[in-house]
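Asks: Here it is: the structure, laid out below.
The values are calculated or read from the model by the stated rules, or taken from the named source; none is laboratory data. Source: prediction; values computed, not measured. In this analysis, Cβ positions are derived from the backbone assuming ideal geometry, glycine residues included, and neighbour counts consider all displayed protein chains. In case anyone asks, the SASA skips ligands and DNA or RNA and just uses the protein heavy atoms, side chains included. Shrake-Rupley method; radii C 1.70, N 1.55, O 1.52, S 1.80 Å.
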Amino acid sequence: MRDLDIARWRLRSQHLVWPYAVSAGEVVGSLLAVQAENPAQAAWAVASRTPNPDQAELAALLDEGTVVRTHVLRPTWHFVRAEDVGWLLDLTGPRVRRVTGLQLRNAHGLDERSIDHAVTAVVEALASRGQLTRAQLAGELREQGIAGGGQILMILLAHAELSGLICSGRIADGEHTYALMDERVPAPRRLGRTESLAELALRYFTGHGPATERDLAYWATLTLTDVRVGLQQVRDRLDSFRHDGRLFWHVPGEAPGGPQQPAAHLLQILDETYRGYQDSRWVLDAAGDVPRTRETAAGMALADAQLIAAMRRTVAHDHIRFDLRPYRPLTPAEIEALDQAARRYGEHLRLKARITLP
């Protein structure tokens, strides 16, 4: 087993190569949660895993509430199916809420009483006025004498999301809105803690495997002890192997035998194929060409499951351009594959697309 074999295997597990998921809903369900900090690029993260990347498919799921966008797993947004959001928040929300609570207290000077008062005001505003944008919620808070704008409002809303009180509403005039969780997800699925840990382990190693215990602990902001409790419940439904001093878990099956289709991908750095791991992330760079520093670009280019270039995406009214900064010289076949990846992305946005190289 080589790093490249694992990286290829993950692309297949994540539906980034054939066989694709049949729908946007299946993508979100298969991955369990898809990081969605940047809604437009996160929409491509979902669509790129389907045979016909249609913008409207995920948008419809979000509008009807079948999929919600909310804070869960880590202190950031994710797309999650409504049927999974309840038990996932019960499991991962408390630890992540400590992070947002510390930010509100230490960085913004709010005490527990002030935080509770502001969250209650948000919930009451949504209950009385319906779905509201962030700007509208800021106005509601100001009317009640609560200073809430900019960064502090973002953290406050995240804190409320992690408590399972609010989540995404419908898009209104192109803007994200917030809604009461009880209205969007009136009958959330609830699981006991051990059952939740088991479900999490099985779903993660199915949709992201092969991966390690530490990968899952990072992904879900859980302790290794919690991860091992869940894994113990489902290990008879998984296989494992050792590589580079780590134990990798995956659903039973064989690694892909060679290059896959499509051969290249243009993705945001927050995509699950990169951000879905920490302990074993760098199987994406078997040759060690990528500097192990903080990401300097918002995008990445993959060819044959390897990270070969940083990418910057520029969207204009009639075209989309991908500026690539390779980590090594690219072959003609890699450039052609990246050009095809750009065209597929452009078709998703209904724009002409091209790549540029230094």
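Asks: Connecting C-alpha atoms closer than 10 Å in a GNM of the chain, tell me which of D289, D215, D63 has the biggest fluctuation.
Replies: Among D289, D215, D63, the largest mean-square fluctuation in the Gaussian network model of the chain belongs to D289.
Asks: While we're here: Tell me which residues come under 5 Å, amide H to amide H, from T133 once H is placed; ignore anything under 5 positions away on its chain.
Replies: Answer set, sorted by chain and number: Y178.
Asks: Please check: in the Gaussian network model of the chain (C-alpha springs, under 10 Å), which one of V67, V99, V122 has the largest mean-square fluctuation.
Replies: With Cα springs under 10 Å in the chain, the top fluctuation among V67, V99, V122 is at V99.
Asks: I'm checking a number: the convex hull volume of the Cα atoms of segment 184-239, normalised per residue, in Å³. What is it? The partial results should precede the final answer.
Replies: Numbers: hull volume 5.3 nm³, N = 56.
So the per-residue Cα hull volume is 94 Å³.
Asks: Taking only Cα atoms, what is the 0 to 90° angle, nearest 10, from helix 82-102's long axis to the longest principal axis of the chain?
Replies: 70
Asks: Within the chain, what whole-number % of the accessible surface is contributed by carbon and sulfur, with the 1.4 Å probe and all protein chains included in the calculation? Walk me through the numbers on the way to the answer.
Replies: Numbers: 7820 of 15780 Å².
Answer for the chain: carbon and sulfur cover 50 percent of the accessible area.
Asks: Please compute the alpha carbon radius of gyration of segment 121-227, then divide it by the globular-protein estimate 2.2 N^0.38 Å. Two decimals is fine.
Replies: Numbers: Rg = 17.5 Å, N = 107, 2.2 N^0.38 = 13.0 Å.
Computed over Cα atoms of segment 121-227, the ratio equals 1.35.
Asks: Helix 224-234 sits at what angle to the longest principal axis of the chain, using alpha carbons and giving 0 to 90 degrees rounded to 10?
Replies: Compared with the principal axis, the helix lies near 70 degrees.
Asks: If you don't mind, there's one more thing I want to ask. Could you quote the convex hull projected area for the chain, Cα atoms only and averaged over all directions, in nm²? All intermediate terms of the calculation are to be shown ahead of the outcome.
Replies: Details: hull surface 73.3 nm².
Result: a mean projected hull area of 18.3 nm².
Asks: At a Förster radius of 25 Å, what calculated FRET efficiency corresponds to the Cβ-Cβ distance of V315 and R294, to the nearest 0.05? Provide the component values of the computation, followed by the final result.
Replies: On the way: r = 25 Å, r/R0 = 0.98.
Using R0 = 25 Å, I get an efficiency of 0.55.
Asks: Moving on. Taking amide H positions as placed 1.01 Å from N in the peptide plane, with prolines and chain starts having none, which residues 5 or more places from A172, or on another chain, fall under 5 Å of its amide H?
Replies: When sequence neighbours closer than 5 places are left aside, the close amide H contacts are T177.
Asks: What does the net charge come to around R237 if you take all other residues with beta carbon closer than 13 Å to its beta carbon, with K and R at +1 and D and E at -1? Working shown, then result.
Replies: Details: positive: R203, R235; negative: E199, D236, D239.
Surrounding charge for R237 is -1.
Asks: Per residue of segment 2-9, in order, report the coupling 6.51 cos²θ - 1.76 cosθ + 1.60 (Karplus, θ = phi - 60°) as ³J(HN,Hα) in whole Hz, putting x for Gly and Pro.
Replies: Whole-Hz 3J(HN,Hα) from phi for segment 2-9: 10, 3, 4, 4, 5, 4, 5, 4.
Asks: While we're looking at this one, here's another question. Take the eigenvalues of the Cα gyration tensor for segment 17-124, scale each by 5, and report the square roots as semi-axes in whole Å, largest first. All intermediate terms of the calculation are to be shown ahead of the outcome.
Replies: Details: eigenvalues 202, 35, 31 Å².
They are 32, 13, 12 Å, listed from largest to smallest.
Asks: Another question, then. Taking the radius of gyration and the Kirkwood hydrodynamic radius from Cα positions alone, what is the Rg/Rh ratio for segment 239-351, to two decimal places? Before the final figure, lay out each step's value.
Replies: Working: Rg = 15.5 Å, Rh = 15.5 Å.
Result for segment 239-351 is an Rg/Rh of 1.00.
Asks: Near R95, within a Cβ-to-Cβ distance under 11 Å, what is the net charge of the other residues, with Lys and Arg +1 and Asp and Glu -1?
Replies: Details: positive: R74, R97, R98; negative: D226.
Surrounding charge for R95 is +2.
Asks: Have a look at R214, R49, R237 and tell me which one the Gaussian network model of the chain (Cα, springs below 10 Å) gives the largest fluctuation.
Replies: R237
Asks: Taking the highest mean first, how do the peptides 249-259, 305-315 order by number of other beta carbon atoms within 10 angstrom per residue?
Replies: The most tightly packed comes first, giving 305-315, 249-259.
Asks: Quick check: net charge around G192, other residues with Cβ under 11 Å of its Cβ, Lys/Arg +1 and Asp/Glu -1?
Replies: Charge balance near G192 sits at -1.
Asks: Still on this model: What is the spin-label model distance, in nm, from L224 to E336 if the labels are put 7 Å beyond Cα along the C-beta direction?
Replies: 4.7
Asks: Follow-up question, since we're still on this one. Consider just the alpha-carbon atoms of segment 163-284 and return their Rg together with their Dmax, both in angstrom.
Replies: Computed over the Cα atoms of segment 163-284, radius of gyration and Dmax are 17.7, 52 Å.
Asks: In degrees from 0 to 90, rounded to the nearest 10, what is the angle of the helix 134-143 Cα long axis to the longest principal axis of the chain?
Replies: 20
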